[in-house]
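Below is one structure, written out as structure tokens, with a few remarks after it.
The values are calculated or read from the model by the stated rules, or taken from the named source; none is laboratory data. Worth saying up front: this structure is predicted, and the values here are computed from it rather than measured. Every residue, glycine as well, gets a Cβ built from its backbone with ideal geometry; the counts of neighbours run over all protein chains shown.
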Amino acid sequence: MRAFFSLYTTNLFLVGGTGLLTTYLALYLGKQGVSTFWIGMLTSFYYLGLMLGAKIAYHFIRSVGHIRTFSASTAVVIACIAAHGVSDNVYLWLVLRVLVGLGMMSNYMVLESWLNEQSDQDNRGRVFSFYMITSYLGMVAGQFALSHFTELDSAVLFLVCMAVAIGLVPISITRRIHPKPLKPIKVSIFSFVRVIPQSLTAILCAGMINGSFYGLSPLFASKAGFSAEDIAFFMSITVVAGLLAQWPMGILSDKIRRSLLLRTNAVFICLVSLALFILPTEPTLAFALTFVFGLFAFTLYPLASALANSRVSDEERVGVSSALLIAFGVGAGIGSAVIAQLMTYFGHEALYGAMSGLAIIMFVSLAYINSRQKVEIMEPDDYVVSASDITNSPLAATLDPRIDEETAQEQLLIVDDDEQQLQEEAQQIEGGDSRKKQGDSETPSR
């Protein structure tokens with residue numbers, strides 16, 4: 001994977017910096033006595049920025065190219081990060097989180113479209129896996145960096161700015177051929193509701209659980225009396241568990257029905273969350289429990305994705321993957337806001353109480369849907385390593401090794417073909433109207 005070293009390095013620093021920023025903001029506002037509701041809203045607004053950024057980024061990349069878009073969006077992200085140190089106004093920070101989300105989605109789309117175009121069917125699986133691994137490593141590195149800052153001052157923001165700025169260097173000086181202009185993906189979640197209801201349900205719940213973990217678990221650990229080092233380890237060990245679980249879960253998913261594995265994951269998430277909710281929050285016990293939590297919570301997305309891909313044709317895979325990413329973002333945005341409100345009323349322990357409730361809802365919903373749906377078609381290559389967070393864009397769907405290059409390119413061209421057809425039909429209608437008017441004017445009156 002030496003050919004993509006510059007892009008992987010860029011992704012490593014970007015994810016590391018933004019992951020550190022998310023944890024820092026939650027801890028800083030908690031230390032300042034800001035309501036948990038507003039801390040949760042920061043996470044929701046970040047995911048809102050990610051959701052909105054896909055369409056905006058496409059227009060910029062098409063207009064000015066990949067490198068210029070990446071440089072501009074990274075500059076905006078760095079400026080927004082620095083602006084957090086200028087004012088503590090939570091309303092300003094909400095705006096900044098949306099802008100950071102917009103900028104990061106632009107960066108993800110640049111990286112992933114670049115990787116997609118310059119990979120092929122023979123190495124796409126490895127390209128995708130290394131990309132996800134650098135995302136996980138970036139998350140872990142960002143959390144461990146926080147342990148060196150016992151005082152939550154502006155020095156952390158300086159470090160985040162440095163990490164994101166360094167991430168700009170490798171991609172700016174790369175010698176790789178620049179990719180061609182982007183083609184948009186035609187995506188509609190509603191068109192897949194009846195086809196993959198189990199996967200969409202699981203992804204929605206996974207978004208609520210994982211998004212709330214990233215945005216609110218640092219505050220949970222802080223309220224429980226953890227030190228800065230303990231908080232960093234608490235976050236890091238959960239992410240590491242998710243990374244370690246990917247390969248074993250992939251093997252299991254080839255032998256056991258994914259619908260059953262999803263319900264099993266929901267049971268374990270429920271039990272672990274209940275333990276964190278009920279038992280005294282002692283660091284050693286919390287570390288062990290959150291490790292088990294990461295094993296099952298961070299494999300929900302790839303399991304649901306594998307289940308979805310077992311129910312659709314090759315031509316539908318790009319649209320399905322993109323729809324799942326959107327569903328995850330919606331869940332993460334809604335879940336963070338709602339669970340933050342619960343923590344405001346019932347205390348920091350309500351985080352894992354709510355996650356336990358979500359796991360129960362997911363289990364019951366999946367069991368009901370499964371009883372009414374046909375048996376899935378097992379395929380040994382359906383499971384693909386996926387990041388537990390939205391650290392990728394809808395363009396990541398075309399990096400999926402299950403999707404052959406020809407199908408991916410055809411799906412990416414759908415919107416442009418539709419738009420061109422509509423334009424041609426409009427021109428024909430307009431031409432017909434003009435000819436009709438001309439014929440009417442030439443007809444002599446009686």
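Please state which of the following conditions F287 fails to meet, knowing it meets all the rest: (1) of a type outside the set (G, A, S); (2) within 24 Å of the chain's Cα centre (by Cα); (3) more than 20 Å from R258 (Cβ to Cβ).
(2)
Restrict the check to the range 25-41 and report whether at least one residue is in contact with a helix residue (DSSP H, G or I) (Cβ under 8 Å, 6 or more places away or on another chain), under 28 Å from S172 (Cα atoms) and modelled with pLDDT of 90 or more.
Scanning the range 25-41 turns up no residue that is in contact with a helix residue (DSSP H, G or I) (Cβ under 8 Å, 6 or more places away or on another chain), under 28 Å from S172 (Cα atoms) and modelled with pLDDT of 90 or more.
Suppose the filter is polar (S, T, N, Q), farther than 22 Å from Y58 by Cβ and touching a helix residue (DSSP H, G or I) at 6+ places or on another chain (Cβ under 8 Å); does T134 pass it?
Judged against the criteria, T134 is a match.
Looking at the range 310-352, which of the residues that are surrounded by 24 or more Cβ atoms within 10 Å (Cβ to Cβ) and of a type in the set (F, W, Y) is farthest from the chain's Cα centre (by Cα)?
Y352
For residues that are of a type outside the set (D, E, K, R), closer than 26 Å to S35 by Cα, crowded, with 21+ Cβ neighbours inside 10 Å and in contact with a Phe, Trp or Tyr (Cβ under 8 Å, 6 or more places away or on another chain), tally how many sit in the range 68-97.
Number satisfying all stated conditions: 1.
Might you check whether a residue that is modelled with pLDDT of 90 or more and among the aromatic types (F, W, Y) occurs anywhere in the range 238-247?
The answer is no; no qualifying residue exists.
Since L52 meets every condition but one in (1) buried (at least 24 other Cβ atoms within 10 Å of the Cβ); (2) farther than 22 Å from M139 by Cβ; (3) within 20 Å of the chain's Cα centre (by Cα), which condition does it not meet?
Going through the list (1) buried (at least 24 other Cβ atoms within 10 Å of the Cβ); (2) farther than 22 Å from M139 by Cβ; (3) within 20 Å of the chain's Cα centre (by Cα), L52 breaks only (1).
Taking the range 248-268 on its own, how many of its residues are modelled with pLDDT of 90 or more and either of a type in the set (F, W, Y) or within 11 Å of T299 (Cα to Cα) (or both)?
Looking only at that region, the number is 5.
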